[in-house]
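Contents: one structure, followed by commentary.
The values are calculated or read from the model by the stated rules, or taken from the named source; none is laboratory data. As the structure is a computational prediction, the values presented were derived from the model and not from experiment. A quick note on method: Cβ atoms are made from the backbone with ideal geometry, for glycine too, and the neighbour counts reach across all protein chains shown. What goes into the accessible areas is simple: the full protein's heavy atoms, side chains included, and nothing from ligands, DNA or RNA. Shrake-Rupley method; radii C 1.70, N 1.55, O 1.52, S 1.80 Å.
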Amino acid sequence: MLVPGRITSGILSPRPVNGWSKGQGQGRANGSPWRSAPWPYPFMCHLPHWTQDCAAAGPLTSLSSLHRMQHWARRLEQEIDGVMRIFGGVQQLREIYKDNRNLFEVQENEPQKLVEKVAGDIESLLDRKVQALKKLADAAENFQKAHRWQDNIKVIMAVPSPDDPESEDVERGSKASNLRLDFVEDSNFKNKVNYSYTAVQIPTDIYKGSTVILNELNWTEALENVFIENRRQDPTLLWQVFGSATGVTRYYPATPWRAPKKIDLYDVRRRPWYIQGASSPKDMVIIVDVSGSVSGLTLKLMKTSVCEMLDTLSDDDYVNVASFNEKAQPVSCFTHLVQANVRNKKVFKEAVQGMVAKGTTGYKAGFEYAFDQLQNSNITRANCNKMIMMFTDGGEDRVQDVFEKYNWPNRTVRVFTFSVGQHNYDVTPLQWMACANKGYYFEIPSIGAIRINTQEYLDVLGRPMVLAGKEAKQVQWTNVYEDALGLGLVVTGTLPVFNLTQDGPGEKKNQLILGVMGIDVALNDIKRLTPNYTLGANGYVFAIDLNGYVLLHPNLKPQTTNFREPVTLDFLDAELEDENKEEIRRSMIDGNKGHKQIRTLVKSLDERYIDEVMRNYTWVPIRSTNYSLGLVLPPYSTFYLQANLSDQILQVKCKWPNFEFLLPSSFESEGHVFIAPREYCKDLNASDNNTEFLKNFIELMEKVTPDSKQCNNFLLHNLILDTGITQQLVERVWRDQDLNTYSLLAVFAATDGGITRIFPNKAAEDWTENPEPFNASFYRRSLDNHGYVFKPPHQDALLRPLELENDTVGILVSTAVELSLGGRTLRPAVVGVKLDLEAWAEKFKVLASNRTHQDQPQKQCGPSSHCEMDCEVNNEDLLCILIDDGGFLVLSNQNHQWDQVGRFFSEVDANLMMALYNNSFYTRKESYDYQAACAPQPQGNLGAAPRGVFVPTVADFLNLAWWTSAAAWTLPGGMGGAEALWALADPAEAESNPEARESSCVMKQTQYYFGSVNASYNAIIDCGNCSRLFHAQRLTNTNLLFVVAEKPLCSQCEAGRLLQKETHSDGPEQCELVQRPRYRRGPHICFDYNATEDTSDCGRGASFPPSLGVLVSLQLLLLLGLPPRPQPQVYASRRL
């Protein structure tokens, strides 16, 4: 965006500014450089208020003014460099490292060897889980095959809690025992568990006393011994789970189910891992009848059904949704099949709510549209199971001619038909369509039938898989998702379990899937196999799957997780996307090895800055999985230090050297020490309070010996080494300097070894940086940039300004310490100072003035005297500022702006910031954060109804006609009303912590960084009588921009304001994104056809009997807001 009016600009000086990432500035190391700096340039212009010629031209127009400003910039550069040379101690720290060369070795990170080793370790970890999975799946098939069906079976339910209401209300066919299970806390599971039993969860809408469920409980109980044996052989195993096609979940070890306070909607058949394991990928077209007869309640049922159907799809599937009457049209902007990812499904769900019933039914139009979609080969799709799902209230036409044209005789597309609502139409045509096309016919007369009937099509899709036998018994690994039992982020290995019984008198092979076996692997367990601290602060390991979603990545940090959806963060969204990364991603998805050095943009840890850096990417596939592993290393992290304290330890008789410098008693003389909260030893108690953590560390060190097996020697020895190194810096440099003379609040050093030392001790009280250097923004940015990195205090535009008090507000200035040892270069530490904001603001005015030293009196200007323009005397006419590479205010000659230091400069002077942006001093980078958490949006007319389910108003409540429709709407299934509760429950409350106040959302982030201009630059913000001239120049060897500008005389030319703060967003336009989908590959196996498949079982109706009395009672409870009776669903079972 350009400001109103013309911007005239020109580079008036050819003198190059090397930029803050080049070279070293010149300055004196024995004192403050600006004190003796001569002032060689005469001043030719008087103040405009009193000299007419100058007033006409403006205070910045003369060429000599340009020279003066360049000279001020050099004074600023020299002052900064001089202070950092004296107090930063970069050169002295280099000498200290060299003097202690016998205490450490320089080790090399060899990317190819590293990444291959980690990939092999992950493969071994997952392979152990695969062996356990196969054993469980084989056992389950044999147990079920040996099971004999019992019509009058009895099962003992061991109630896990004395106050469980099920002890008073036991369903038919089961009885509660007096057994009370004891649970012990297990940190691996983050839960209380019982290793002697399995536990069972049964969905709320399934009658747990039914014969089918009781028989299922009977034969699956035998899995308990296999679960226990698996854990005996591999103690690292986490949850072992069998998800049955009947909805029963049996898991080990037993733990109390984490049921929500309202209603439990968990159904294993809708979990991402079950869906992926139960069938091959799908290309699905959903067509919805919106003719005039489909109105009112039936249309509401259809909308809800479509949304529930979409929830049965995973990222391996492709889908489109269309409505039809006389004509067919897509309900959304998607004109072809699109990936069934979270964001695309959200578009569909929102679009479905806008469907309106009108016109006449035209099945032909709907099916022709669907077949055309499935035959489009010019798009990315699953290329496996193909199906059409039709929702209608009924009709006479069988559209046989359409099937003959598109689908017969091969019948490669399955057709599933759904008769929705209560009506008297002949359903024979719908049954015929499904049976004639290898599909299935379902009836959805009420809300209670939706969940069951929109997921049972998976049984039909599983037939070819079952018939394929051993060929289909392949382990698949899932996307990342949130574990329902509190384990956190996990991936799950899945293996289908088949029914091996013979069906019927002809000994025909059974073609039903029994369920899916799963074993969880926590992401933290995989992370432990990756190198942590040898890669440096900016090196890391990552892994992606065939969709390009990250399995491991330091930026995979979802603020909140949706219980029902996988965590799908694309590699190109985890990092700042560019062509090189697209190429790397494609190569990894294809399972190739590779290495590439690239120049790329990275976002700072605090997400305020962008740095252009060099990175080395190395990647290899993880064999026997769908994952690929990558390693990212900055060039300066090729080498790292490894402490070798053996000789020193012997000298102090097996005690810890330098240990006394960690004791708080030494802080007053040696400076305060923060230690990174790392896992130095197994018995070290973690704490978020660093003082407490240090206390725990000291207590443990007094008990363990330096060669203790329970400690990580690399971490521990490097910490002790850096304790001594930084203490010597205090002794040689800091202790004898007077910080007040140079207006410094503190000096500090932070190291790769995990030490942050602050001097003097009292300065630690105001230290707000992360005690883990690898998680401190100043540390990571200093490593990525040569020169001095300024970091003003963070200020949000919505918060009150800084409260300036003496010695309380500081500006960090830091720089990396680069060592060259035997031709090997590395950066093991960062040093810096903390400037006193008020004192340096005054000093800044003097440095940008015509005074040669601070003690020289200001030359007062008046109507009868001439004086020379500068940032000190003329602060009423000139705005002089320092802003950093992110566009944040660092220093100003305007006293009223001191409390705005740290704010994005557009919030201080929008007109000038826009001019700097338009003149290429700054470049803007926009990206999206898909892992953010937002406060809930105010509820609209739909209230708590998920996906547009109807919620009655007071008028509806008083309308007798509404009660009739409500009876149909809440027509119960097996549990007599549980489905109505499901329909009106808020999913966010029902499936996660009901007290959580935040939900997942997308935030748009905007950062600014230095653009292409790197020379002295003058420009006019042309706006008639409100025009302003400004001069801008980069300060060498820093991340600062020095700007001198005329203060605005009026506000008639207010420019548009540049925004930097994070804003809520819907993300990029999905309709455009699907036209250029990112590269992906589906699973390499597909089971969508088997010549022996029996398609004769192709449909049934609903068998849910209505009960108007119960319905009215339930509806009253819902309307009055009374909570339903809790229904815990976890049991340990025993056969009688």
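Selection within the stretch 616-626: residues that are open to solvent by 10 Å² or more (accessible area, probe 1.4 Å) and at pLDDT 95 or above. The member of this set that is farthest from Phe778 (Cα to Cα) is Pro621.
Kindly indicate the residue of the stretch 70-112 that is of a type in the set (Val, Ile, Thr) and within 15 Å of Tyr742 (Cβ to Cβ) and also surrounded by the most Cβ atoms within 10 Å (Cβ to Cβ) among those meeting that condition. Step by step, filter the stretch 70-112, then rank; the result is Ile80. Candidates Ser743, Ser814: the one that is open to solvent by less than 60 Å² (accessible area, probe 1.4 Å), at pLDDT 95 or above and under 28 Å from Asp909 (Cβ atoms) is Ser814. The residue that is nearest to Glu607 (Cα to Cα), among those in the stretch 904-923 that are open to solvent by 30 Å² or more (accessible area, probe 1.4 Å) and out of contact with any helix residue (DSSP H, G or I) (no Cβ under 7 Å at 6 or more places or on another chain), is Thr923. Only one of the numbered conditions (1) open to solvent by 60 Å² or more (accessible area, probe 1.4 Å); (2) within 30 Å of His717 (Cα to Cα); (3) within 12 Å of the chain's Cα centre (by Cα) is not met by Leu552, and that is (1). Are any of the residues in the stretch 1059-1080 modelled with pLDDT of 90 or more, among the basic types (Lys, Arg) and open to solvent by 30 Å² or more (accessible area, probe 1.4 Å)? The answer is yes; a qualifying residue exists. For the stretch 222-277, the candidate set comprises residues that are of a type in the set (Lys, Arg) and more than 23 Å from Lys192 (Cβ to Cβ); within that set, the residue that is farthest from the chain's Cα centre (by Cα) is Arg269. Residues in the stretch 1035-1048 that are in contact with a Ser or Thr (Cβ under 9 Å, 6 or more places away or on another chain) and at negative phi were compared, and the one that is surrounded by the fewest Cβ atoms within 10 Å (Cβ to Cβ) is Glu1046. If you check Gly354 against the conditions, is it within 24 Å of Leu301 (Cα to Cα) and open to solvent by 40 Å² or more (accessible area, probe 1.4 Å)? So Gly354 fits the description; yes. Within the stretch 336-361, the only residue that satisfies the criterion of being assigned to a loop (DSSP other than H, G, I, E, B), at pLDDT 95 or above, in contact with a strand residue (DSSP E or B) (Cβ under 9 Å, 6 or more places away or on another chain) and not hydrophobic (A, V, I, L, M, F, W, C) is His336. Exactly one condition in (1) in a loop (DSSP other than H, G, I, E, B); (2) at pLDDT 80 or above; (3) open to solvent by 10 Å² or more (accessible area, probe 1.4 Å) is not met by Asn225; state its number. The failed condition is (1).
Scanning the stretch 487-497 for residues that are farther than 17 Å from Val248 by Cβ and open to solvent by less than 20 Å² (accessible area, probe 1.4 Å) yields Leu487, Gly488, Val490, Val491, Thr492, Gly493, Leu495.
Within the stretch 997-1013, restricting attention to residues that are more than 19 Å from Phe905 (Cβ to Cβ) and buried (at least 19 other Cβ atoms within 10 Å of the Cβ), the residue that is modelled with the highest pLDDT is Met1003. Taken over the stretch 887-904, the criterion of being closer than 18 Å to Asn875 by Cα and in contact with a Gly (Cβ under 7 Å, 6 or more places away or on another chain) is satisfied by Leu889 alone. Answer yes if at least one residue in the stretch 195-208 is modelled with pLDDT under 80, open to solvent by 30 Å² or more (accessible area, probe 1.4 Å) and over 37 Å from the mean Cα position of the chain (by Cα), and no otherwise. No, there is no match, as no residue in the stretch 195-208 is modelled with pLDDT under 80, open to solvent by 30 Å² or more (accessible area, probe 1.4 Å) and over 37 Å from the mean Cα position of the chain (by Cα).
One residue stands out in the stretch 778-795 among those that are out of contact with any helix residue (DSSP H, G or I) (no Cβ under 9 Å at 6 or more places or on another chain) and surrounded by fewer than 20 Cβ atoms within 10 Å (Cβ to Cβ): the one that is farthest from Ala750 (Cα to Cα), namely His794. The residues of the stretch 872-891 that are over 16 Å from Glu77 (Cα atoms) and buried (at least 19 other Cβ atoms within 10 Å of the Cβ), listed by number, are Glu872, Val873, Asn874, Leu878, Leu879, Gly886, Gly887, Phe888, Leu889. Under the condition of being outside any strand (DSSP E or B), within 22 Å of Asp311 (Cβ to Cβ) and of a type in the set (Asp, Glu), the residues counted in the stretch 404-457 number 1. Out of the residues in the stretch 396-423 that are surrounded by fewer than 21 Cβ atoms within 10 Å (Cβ to Cβ) and touching a residue at least 60 places away in the same chain (Cβ under 8 Å), which is farthest from the chain's Cα centre (by Cα)? Only one residue fits best here, namely His423. Restricting attention to the stretch 374-388 and to residues that are outside any loop (DSSP other than H, G, I, E, B) and open to solvent by 20 Å² or more (accessible area, probe 1.4 Å), the residue that is nearest to Tyr440 (Cα to Cα) turns out to be Lys386. Do you know which of the residues in the stretch 892-903 that are open to solvent by less than 20 Å² (accessible area, probe 1.4 Å) and within 21 Å of Thr1006 (Cβ to Cβ) is farthest from the chain's Cα centre (by Cα)? My answer is Val901.
Looking across the stretch 637-686, the residues that are surrounded by 20 or more Cβ atoms within 10 Å (Cβ to Cβ), among the hydroxyl-bearing types (Ser, Thr, Tyr) and at pLDDT 95 or above come down to Ser637, Tyr640.
Look at (1) open to solvent by less than 30 Å² (accessible area, probe 1.4 Å); (2) outside any strand (DSSP E or B); (3) within 21 Å of Asp929 (Cβ to Cβ) and you find that Gln559 fails only one, number (1).
May I ask you to verify whether Gln511 is surrounded by fewer than 22 Cβ atoms within 10 Å (Cβ to Cβ), touching a residue at least 40 places away in the same chain (Cβ under 8 Å) and within 30 Å of Glu1093 (Cα to Cα)? When the stated conditions are applied, Gln511 does not pass them. Candidates Ile444, Ile452: the one that is of a type in the set (A, V, I, L, M, F, W, C), at pLDDT below 95 and closer than 29 Å to Ser419 by Cβ is Ile452.
For the stretch 302-335, a residue qualifies if it is assigned to a loop (DSSP other than H, G, I, E, B) and basic (Lys, Arg), and exactly one does: Lys327.
The residue list Asp234, Asp267, Asp205 contains one member that is within 22 Å of Arg463 (Cα to Cα) and touching a residue at least 40 places away in the same chain (Cβ under 8 Å), which is Asp267.
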